[in-house]
Amino acid sequence: MEKFNHEYGANQIQVLEGLEAVRKRPGMYIGSVSIRGLHHLVYEIVDNCVDEALAGYCNHIQIKIEPGNIISVEDNGRGIPIDIHPKTHISAAETVYTVLHAGGKFGGDSGYKVSGGLHGVGASVVNALSEWVEVTIQRDGGIYQMKFERGKTVEKLTRIGDSDKTGTKVRFFADGTIFETLEYDYGTLEERFREIAFLTKGLKISIEDLREETPQKAEFCFEGGLRSFVEFLNKNKEKINTDPIYIEKNNEEVPVEISLQYTTSYNENIYSFVNNINTIEGGTHLEGFKRALTKVFNDYARSHSIIKEKDSNLQGEDIREGLTAVVSVKVKDPQFEGQTKTKLGNSNVAGIVQSIVVDELSAYLEENPNMAKAILEKCVSASRAREAARKARELVRKKNSLEVTTLPGKLADCSSKNADECEVYIVEGDSAGGSAKQGRDRRTQAILPLWGKMLNVEKSRADKIYNNDKLKPVIQALGAGIGADFDINKIRYGKVVIMADADVDGAHIRTLLLTFFFRYMRPLIEQGHVFLAQPPLYKLSKKGIKDIYCYTDEELDIEIEKIGRDNVSIQRYKGLGEMNPEQLWETTMDPANRIFVRVTLDDAMKADQIFNILMGDEIEPRREFIEQNAKFVKNLDL
Ligand code: 0RA
C-alpha cells in the first residue's frame, strides 16, 4: 500500500480534505443532489456488492428501505478485508470508506469499475454525503462493526461477536443538509435492480420497502441473463424467432453478452450497456453490433439468393426493423463521451463486438434456416416499405414547394419568426386549446390543439405516420421534416411544449407524442427542445389575499399552513379546460411563473416502452399502467 506511506497525522488530514471536497461539490461526484443523486448513493453501495458477485464470491444482495429512509444493503460475499495496516493503524475497511477512490486498492475490484465521472466513485462518497453510515462485516470467524458521521470515523472497526458466515452489510442515512429530498422512490430503485439482475446472470437481488404499513417487495434472479431481459422487453409483442438468440463470450479483454429477438413490430429497440451502465447514446459497442448485423444478413441473403445479384444491399435500418436486442460489454478503462456521458468511445471495442457477432450470428442462421428465412422476409419487406416511404415523402416535399404555406389549419401561429424565442404548445382538447389561444403571448407563443384517434406508432410504418391526422399537423407545424429527413435547423420553434391533463387521456397524448418524437425526431429530445407544461393542481382563495396556485400536494399543505385554515376555499383542477384564459396564462404559460419539465432521452425511452403497454392487446398490463401512471409523470427529471 504505497499510497499510505505517510505519517499518520498527515494522512488523516488528507482523508478529511478529500471527503470535505465531496461535501462541497456533491454534484461532481453523484451528478446532482436531487432524488437522482439520492438514488445514486444506493447504486454506489450496491455496485460494490455486484463487483463481489462478478468476482464469483457473492450470489445474493438484499436491499431494504427502512422506516425513516434508512438504506440497508447486505451481501453474502467475502466481507470487506479488515486487516490493519501497520503504519496507518487504519483497517482496510475503514480506508475504503474514508479515502476517495480507495475501493480498487484491495483486489476485490473487478477491474471494470468506471474511474471518475458519475459512476463507481464508491463507498467513501456515500460516507461523505451521509449523516451516518454503519458497516458490519462478517469474516474470519467474527462480526466487526464501524460507524461514521458525515464521513468522519466515530467508531473504529471493532469485533462485536462471533460468526461462521461471511458478508458485508451497510446501513446509511443520507445527509438532509445536502440532498433536496431524502424520500426514495421504490419504483425507480426496483426498476434499476431488475436491470442489474438481468445484467448479472444468476445473481439474486431482493428489495424491500419497509416504510409503509404494507411493505412492498420484489426479488429478481435470472438464470437466462440477457435472454431473460429480451423476453421481458418483448412480453407484449408478437415474436418472429420464438427463442431469443443468445451470444456470450467471456474473453479476457472485453467480455460480451448479447441477446436478440425479432418481433412483428416496426420499431427497433436496442439497449446497450457498458459495465452495467445504460449507454443511452450508444457508442462503439453498438456500432460493432450494428455493423455485424448488416453484414451477416446481407451475406446470408446473397448466398441463399434471397436478394439477387442486381438488387442493392439491405440497409441497416431494414435489418433492425422489429428487432429487440440488448448488448452488454465490460470494458476496463471505458471512455464516455457525448452530451450525457453515456456514449462509449473506446475504438477497439467496435471490432471485438463485430467479429464475435459475425461468427455467432452466421452460425445461428446456418443452423436455423427457418428463422433465417422468416427474419429475412421481414427485412426485405422493410426495405420495400422504406422505398415507398421515400417516394411518399418526395411527393409531399414537391407539394410543399408549390404551396408555400402548408401550416395546419388548427395552428394559431405566433408572429415572431425567430425560432429561438418561439414556443409551440401542443394542447390536448379543443376547450383547453381555446383558452390557450386567448391567454397566450401572441408574439412568441403558438398553439396547436390536438384531438382525434391515437395512432399505434408501433404498428405503423413511416409512410402511414406521415399521413396520420393527429401527427401530420405536428410535423407541418414544426416544419423540420421527419425520420431520416428530419433537420433540426429548420425547426420553427425553440421550445415544443406538451400541455395535457394529469389524467389517463393526458397520459395517452403525452406518451404518443414522446414516442413519436423519440422515434421520428430524436434530435428534438436529445437537444432538449421538448417540455411538459405543469398546470397547477389546486387554487387557494381567501378574502383579502391574492389567489394562490399549488402544483403539488406538499405545496398545498405548506400554503394552507402559511395563510391559516380558516375561510380558505380550495379548488382542485381536474383538467386544463377548467381554467379561463387568464388563469392558464398566469399559472402555466407565463415564463415568469410557469413550471416546465424538460424531457430527457431517458424519459422518452420510458414513454416508448409504456406505449407498447397502452397499445398492446393485453388488458392487465394496461390496467397496471393506468394505476401507476401518476408515478411516471412525477418521476420525470426536473
Ligand atoms: C476486496 C477484497 C475482498 C473483498 C472485498 C473487496 C469486498 C468489498 C465489498 C463491498 C461490499 N461488499 C463487499 N464484499 C467484498 C476480499 C479479499 C479476501 O478475502 O481475500
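The values are calculated or read from the model by the stated rules, or taken from the named source; none is laboratory data. Keep in mind the model is a prediction, meaning the values are calculated, not measured. Methodologically, a virtual Cβ is constructed for each residue, glycine included, from the backbone with ideal geometry; neighbour enumeration extends over all protein chains shown. These area figures cover heavy atoms from the full protein model, side chains too; ligands, DNA and RNA do not enter into them. Shrake-Rupley method; radii C 1.70, N 1.55, O 1.52, S 1.80 Å.
Cβ neighbours within 10 Å, averaged per peptide: list 564-575, 594-605 in order, most packed at the top.
594-605, 564-575
For the chain, which whole percent of the accessible surface, found with a 1.4 angstrom probe, sits on carbon and sulfur atoms?
Carbon and sulfur together cover 49 percent of it.
For Leu323, enumerate residues with amide H under 5 Å from its amide H, sequence gap 5+ or separate chain, H modeled in the peptide plane.
Thr263, Asn269
Keeping all protein chains in place, calculate the accessible area per residue for the stretch 473-603 (probe 1.4 angstrom), answer in Å².
44
What's the ranking of 81-94, 576-589, 45-58 by average number of surrounding C-beta atoms within 10 Å, highest first?
Ranked from most to least packed, the peptides come out as 45-58, 576-589, 81-94.
Sorted by mean Cβ packing within 10 Å, highest first, what order do the peptides 256-266, 407-417 take?
In descending order of packing, they fall as 256-266, 407-417.
How much accessible area does Lys156 have with a 1.4 Å probe, in Å² rounded to the nearest 10?
90
For the stretch 272-335, what does the accessible surface come to per residue with a 1.4 Å probe? Please give it in Å².
39
Write down the percent of antiparallel bridges among all DSSP beta bridges whose residues are both part of the chain, to the nearest 5.
Among the beta bridges of the chain, antiparallel pairing accounts for roughly 70 percent.
Would you mind pulling out the separation of the Cα centroids of the stretch 292-323 and the stretch 490-516, in Å?
36
Taking Rh as the Kirkwood radius computed over C-alpha pairs, what is the Stokes-Einstein D of the chain at 20 °C in a medium of viscosity 1.002 mPa s, expressed in µm² per second?
78
With Cβ to Cβ distances under 12 Å as the rule, what net charge do the other residues near Phe173 carry (K, R +1; D, E -1)?
That works out to -2.
To the nearest 20 debye, what charge dipole does the chain have about its Cα centre, counting +1 at the Cβ of each Lys and Arg and -1 at the Cβ of each Asp and Glu?
Around 1960 debye, computed over the chain.
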